[in-house]
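The values are calculated or read from the model by the stated rules, or taken from the named source; none is laboratory data. Every value quoted in this text rests on a predicted model; they were computed, and no experiment measured them. Cβ atoms come from the backbone with ideal geometry, glycine included; neighbour counts cover every protein chain shown.
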Amino acid sequence: MGLLYAHAGLMCIGFLFLLAGFIIVRFMKRNVWWLKIHRVCGISGASCAVLGFCAAFLDIVLAGGQHLSIPHSYIGIVAVILVIAAPVLGFMQFRFREHMRAIKRLHIWSGRTALILMLINIMLGFSG
């Protein structure tokens, strides 16, 4: 049962970090520090989400349950993949400047989609 609480807590904290990263980009880009804090929020949020995923996976394994048995688990896997992809793409846009526009677009949309899926999945998790 402790892993279930760890899963829920880590996912909520991860969501809040990612939401903070989004808010910083959206409303605080005029500040010189915005990119540094955005990176910290994105990496922290992704780390919490991955740890939360691991807690859920381990909880199911230890309980002898079946993986991917409810919509919450499918949405969660897609969200975690996007949560990992967003910071990777964010770093890549500075490494591959000739493709910066395309990579930046992917970074933005993977982050936005991850946020929406995480919010939906948090509501599903708490309702079921």
Unmet criterion (only one of (1) touching a Leu at 6+ places or on another chain (Cβ under 9 Å); (2) over 18 Å from Ser44 (Cβ atoms)) for Glu98: (1)
When you scan the stretch 85-128, how many residues do you find that are surrounded by fewer than 17 Cβ atoms within 10 Å (Cβ to Cβ) and free of Cβ contacts under 8 Å to residues at least 40 places away in the same chain? 20
How about the stretch 64-76: which of its residues are in contact (Cβ under 8 Å) with a residue 24 or more places away in the chain and surrounded by fewer than 16 Cβ atoms within 10 Å (Cβ to Cβ)? Ile70, Pro71
Identify the single condition in (1) closer than 23 Å to Met123 by Cα; (2) modelled with pLDDT of 95 or more that Gln93 does not satisfy, given that it satisfies every other one. (1)
Going through the stretch 9-21 in order, the residues found to be under 23 Å from Ser110 (Cβ atoms) and touching a residue at least 40 places away in the same chain (Cβ under 8 Å) are Leu10, Met11, Cys12, Gly14, Phe15, Leu18, Leu19, Gly21
Please state which one of Val32, Val40 is out of contact with any helix residue (DSSP H, G or I) (no Cβ under 9 Å at 6 or more places or on another chain) and either in contact (Cβ under 8 Å) with a residue 12 or more places away in the chain or among the β-branched types (Val, Ile, Thr) (or both). Val32
Determine which single condition Leu3 fails, assuming it passes every other condition in (1) surrounded by fewer than 17 Cβ atoms within 10 Å (Cβ to Cβ); (2) in contact with an Asp or Glu (Cβ under 8 Å, 6 or more places away or on another chain). (1)
